[in-house]
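Taking it in order: structure first as structure tokens, then the write-up.
The values are calculated or read from the model by the stated rules, or taken from the named source; none is laboratory data. Computed from a predicted structure; not experimentally measured. Virtual Cβ from ideal backbone geometry, glycine too; neighbours counted across all protein chains shown. These area figures cover heavy atoms from the full protein model, side chains too; ligands, DNA and RNA do not enter into them. Shrake-Rupley method; radii C 1.70, N 1.55, O 1.52, S 1.80 Å.
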Amino acid sequence: IGFDAVSEHRQWNSDTELLLQNASIMITNALQRKEYETKLFKYRNHLESLIQERTADLEASNRALNHSFGLLARQNQELLKFKTIADQVNYAILIITDDGAINYSNYKACESFGYPASSLSGIHFFDKFVDKESKDYSKLVNAFSLRQEVASLEITIVKSDGRKYPALTNVSAIQDKESGFQFFVVSITDLTQRRKEEKELRQSEKLRSLGTLAGGVAHDFNNILQIVQVYAELLSLSLCDRQQFGE
């Protein structure tokens with residue numbers, strides 16, 4: 001910020017220079033505060049957008065994969081290919097019969113539930129692994145009873161050692177044109193890491209908001225101190241002038 005006289009050359013006195021300097025500091029602080037608030041707002045919106053995009057992509061991917069796995073599972077000659085693909089994905093896949101018994105589980109399902117590989121066959125899914133206090137437990141039970149496809153249910157999985165973790169669950173009811181209902185394909189994604197990231201994001205936003213608030217208070221307080229300083233220095237100069245002239 002610069003100050004100049006364009007009509008004539010003039011030498012500023014020390015009092016005027018001090019006032020102009022403090023005015024420039026106040027203006028700069030206000031501009032910086034506005035800039036920081038704008039950046040924080042954009043950053044928060046960007047993070048929220050990223051979370052929504054990741055959630056939508058995951059749900060779309062789960063639905064697409066469930067559909068693909070269902071088509072493969074209906075054909076006996078494709079079972080080996082289905083198992084190979086299912087064991088490569090990073091979330092649990094189960095084939096469950098009409099009475100709720102597990103007929104097939106991929107490697108990730110055994111690992112997530114705390115069981116040795118290929119040891120889940122015959123275990124009842126609801127009795128053993130689903131916490132009845134889960135958020136969407138009734139919706140999951142209803143989907144099985146009505147043989148409906150349902151997506152993005154939040155349930156709590158109970159591991160073999162009793163530990164629990166939140167999970168995103170999708171259910172596909174596989175139908176055959178000739179014989180009708182065949183089985184359910186269930187995908188289960190562990191939400192532990194996502195919940196941790198969301199918690200860290202919320203904490204980060206709180207800290208940034210607190211930092212912005214503290215910065216704003218500091219700037220406002222600094223502006224008040226600048227005014228006090230200006231008047232103190234003016235008073236000091238006035239006293240010096242009186243002493244000089246013997247007043």
Next on the checklist: Looking at SER61 and the list (1) of a type in the set (S, T, N, Q); (2) surrounded by 13 or more Cβ atoms within 10 Å (Cβ to Cβ); (3) under 20 Å from ILE155 (Cα atoms); (4) at pLDDT 80 or above, which single condition is not satisfied?
Outcome noted: (4)
Checklist entry - Applying the selection to the stretch 203-212, what residues are loosely packed, with under 12 Cβ neighbours inside 10 Å and under 19 Å from GLU37 (Cβ atoms)? => result LYS206, LEU207, LEU210
Item to check | Among (1) open to solvent by 60 Å² or more (accessible area, probe 1.4 Å); (2) modelled with pLDDT of 65 or more; (3) closer than 15 Å to VAL186 by Cα; (4) among the charged types (D, E, K, R) - the single one ARG44 does not satisfy | outcome: (3)
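Quick grid of which residues meet (1) open to solvent by less than 30 Å² (accessible area, probe 1.4 Å); (2) within 33 Å of the chain's Cα centre (by Cα):
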| residue | (1), (2) |
| --- | --- |
| VAL141 | no, yes |
| ILE155 | yes, yes |
| LYS164 | no, yes |
| LEU168 | yes, yes |
| VAL171 | yes, yes |
| GLY180 | yes, no |
